[in-house]
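Just below is one structure, and these are the notes that go with it.
The values are calculated or read from the model by the stated rules, or taken from the named source; none is laboratory data. Every value quoted in this text rests on a predicted model; they were computed, and no experiment measured them. Because the Cβ atoms are built from the backbone with ideal geometry, glycine has one as well, and the counts that use them run over all protein chains shown.
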Amino acid sequence: MARVGENQDRSEADRAHYVYVQHAKVVSRRGEKVICEEITNYRITPSNDGSHGELLDLEGRLLRKDNYTPYHALPPDKAKAEVPSNADTPNNQKQDPPPDSPKQEDEDHGSIRITIDGDSLDRDLVEDLRWDLIHDKSKDGVSAGLFPLTSKEQQDYVFRMVGRERLNGRDVFHLTFRPKQKNDIGWSGNAYIDTTAFQPVLITTGMARKIPFAVRTLLGTNFPGLGFTVTYAPQPDGVWFPVTFSTEFKIHVLFFFHREIILDAQNRDFEKTHVTSRIVGEAMPLESTAK
């Protein structure tokens, strides 16, 4: 696992040299009924703190009074939050709310924004979860800290060898992992590691333990079935990248709000950047240097 950690550390740095498109579909569903659905395409480019996502297109629909209302843009507050403060792009300019965006009053509830307007709650949930799971502080399309394979994260986990298997056309080591501290609400699951490259081919996780009963009782919040699946594949130059990320779980909030969340994301259209420019001094006009 030490070798896997070293490779993951190196891969995180190497992935910063890639531009790619991330296609994602997020659904909020009550029973069999889809309440909100968004399909997005982002162009992911390297940035100083990981990566920056530029929204290319969005297809959304929100159920209101038994009819679906389509929309094709993020709300102004979320669109502004996704643009760096020094970015000189049209998205960084002040925008008027889209015609289908209702006026609403917000109150904070953890990382998920709860709105007084019930119609907008599912849209907020879909957009906030997409940001938290695949965009926030992400270097490779999967949020930092979800999987314990880097050298730093491995320190908090125990790994156990199960055996060798064949997966996705590769020979892999099958390992299980769990937090060292049994009382931690961390991740447990399975890691399938390529026997030659010592890179992950597939990672599956679930919560190592349930949210404590006292928390579920006092806050009325629970996430049964929360877990993730990520598949990896190498690029032509040997850099391994997450290529798919998926999760499906239920969320219960405040005793009355019950939803099933489905997220499926794919990284594709990889392009390696070749040139990095850096200004090291102040340029002098040509006429000032002529004799």
One residue is enough: does the range 210-221 have a residue meeting the conditions surrounded by fewer than 19 Cβ atoms within 10 Å (Cβ to Cβ) and modelled with pLDDT of 70 or more? no
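One line per residue, one yes/no per condition, for (1) loosely packed, with under 14 Cβ neighbours inside 10 Å; (2) at pLDDT below 75; (3) within 30 Å of Arg3 (Cα to Cα):
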residue	(1), (2), (3)
Asn92	no, yes, no
Pro98	yes, yes, no
Ile114	no, yes, no
Val142	no, yes, yes
Arg166	yes, no, yes
Gly169	yes, no, yes
Pro179	no, no, yes
Residue hits (the range 2-26; among the hydrophobic types (A, V, I, L, M, F, W, C) and crowded, with 20+ Cβ neighbours inside 10 Å) are Val4, Ala24, Val26
Which one is modelled with the lowest pLDDT among residues in the range 46-63 that are acidic (Asp, Glu) and part of a strand (DSSP E or B)? Glu54
Which condition does Ala73 not pass, out of (1) at pLDDT 90 or above; (2) part of a strand (DSSP E or B), if it passes all the others? (2)
